[in-house]
1. Could you order peptides 31-38, 72-79 by the average number of other Cβ atoms within 10 Å of their residues, highest first?
2. Using Cα atoms only, what is the angle between the long axis of helix 13-27 and the major principal axis of the chain, expressed in degrees (0 to 90) to the nearest 10?
3. Show the residues, 5+ positions off or on another chain, whose built amide H is closer than 5 Å to the amide H of His168.
4. If I fit a long axis through the Cα atoms of helix 107-120 and take the longest principal axis of the Cα atoms of the chain, what angle between them do I get, 0 to 90°, rounded to 10?
5. Under 5 Å between amide H atoms, partner at least 5 residues away or on a different chain: which partners does Arg288 have, H built in plane at 1.01 Å?
6. Using the Karplus curve 6.51 cos²θ - 1.76 cosθ + 1.60 with θ = phi - 60°, what ³J(HN,Hα) values do you get for each residue of the stretch 261-271, in whole Hz, with x for Gly and Pro?
7. Express in whole angstrom the spacing between the alpha-carbon centres of the stretch 72-94 and the stretch 1-37.
8. Report, by chain and number, residues whose modeled amide H sits under 5 Å from the one on Ala232, excluding near sequence neighbours (fewer than 5 apart, same chain).
Amino acid sequence: MGGVTGPVLRADATVLRANIAAVTARVAPAELMIVVKDDGYGLGAAWAARVAVDAGVRWIGSYDIPTAIQLRAEIGDGPRLFAWVTSTDDEIAAALHAHVDLGVGSLDYLERVIVQADASGFRARIHLKIDTGLHRNGLSAAEWDEGVRIALDAQHRGMIDLVGAWSHLAEASDAEDDAAQARFLAAVARAEELGAVLPHQHLTASAATWERPELRGTLVRVGAFCFGVRSAGGPDLPGIAPAAELLAPVTRIEGDVAVIAVGSFDGLPSTLAGRIRVGTPAGPRPLRDIGIDEMRLEAWDSAAPGDEVLLFGRGRCGEETPTTLAEAIGTVGEEILCRLTPHVHREYR
Ligand SMILES: *Cc1c(COP(=O)(O)O)cnc(C)c1O
């Protein structure tokens, strides 16, 4: 305690491990791929990947290739890394050197991966994506047979291994997600008919993974819930707690106001003012206003410079969670975490 002069995001490996254990137990026999995009939801992708691998997680989802390559250096050769954003040829080549599994969601990208694999001599491990209704990325049903045939042909020629099929759900309604799963399963069945063997089949992110066991494939891609961020408007999650706290020191007392050293410059939305309570040594206090680099809240009797105030966390001082903050301003908990700037010091314990 003490000595903190500015805002600190304090990430706790014990909590992350407990969340991972809760997710892992809930999804078995499906396997967890922990998603660490957006620098591990603001907590630190490298830290999260190391904790996850120590906890026995064998799949890390990075979104982009540069992050995956950086993580490969952190976690060694054992765990699988999955990068799914359409990337440049140079990035593809680097991914193949680092044994990164690639998510492939267009015929053009498939051809480019095959060319890079041929040139590099490394077999690309690819997971082919079927668009099941989001229309963001993914082969359409009309392109699917051609994509599978091209992949299998390149596999026979020794350039790639088609190891998986995947898609992403809207999570807007159960009915829509059911329809998406039906399209997904039809695509998998068709690929198998064409001769594919697909050990890895994945469709769900946090919410659907948790609530809809019937939608889980062999793998589930879970980010938010591993970091303890429940869905906005969603239920509390037994065994899951926020893996980080945001704290800031009191810098001075002005009458009945305690001023703390964190503000909109650090990435906190100024619209939170008047809408949330923060955690203090004397319990929750209303947040009155948010300036560029400081905030003002109702003081308590013994309030003094150096006292730590929690903006969000697990509630140990009456503070709210990232998702409760998000709900107060109509957004999602991930947004609260991911907007925190590098000015917020990251501390790991
Ligand atoms: C972000 C993302 C996930 C993880 O989503 P959460 O809701 O944070 O679990 C899974 N899959 C894809 C494709 C994603 O973009």
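The values are calculated or read from the model by the stated rules, or taken from the named source; none is laboratory data. What you see is a predicted model; the values in this text were computed from it and never measured. So basically every Cβ, Gly included, is an ideal-geometry build from the backbone, and we count neighbours across all protein chains shown. Surface areas here come from the heavy atoms of the whole protein model, side chains and all, with no ligands, DNA or RNA. Shrake-Rupley method; radii C 1.70, N 1.55, O 1.52, S 1.80 Å.
1. Ranked by mean Cβ neighbours within 10 Å, highest first: 31-38, 72-79.
2. Around 40 degrees separate the two axes.
3. Thr132
4. Tilt of helix 107-120: around 80 degrees.
5. Gly274, Arg296, Leu297, Glu298
6. Values per residue, Gly and Pro as x: 8, 7, x, 5, 4, 7, x, 8, x, 5, 5 Hz.
7. 22 Å
8. Under 5 Å from the amide H of Ala232: Gly333.
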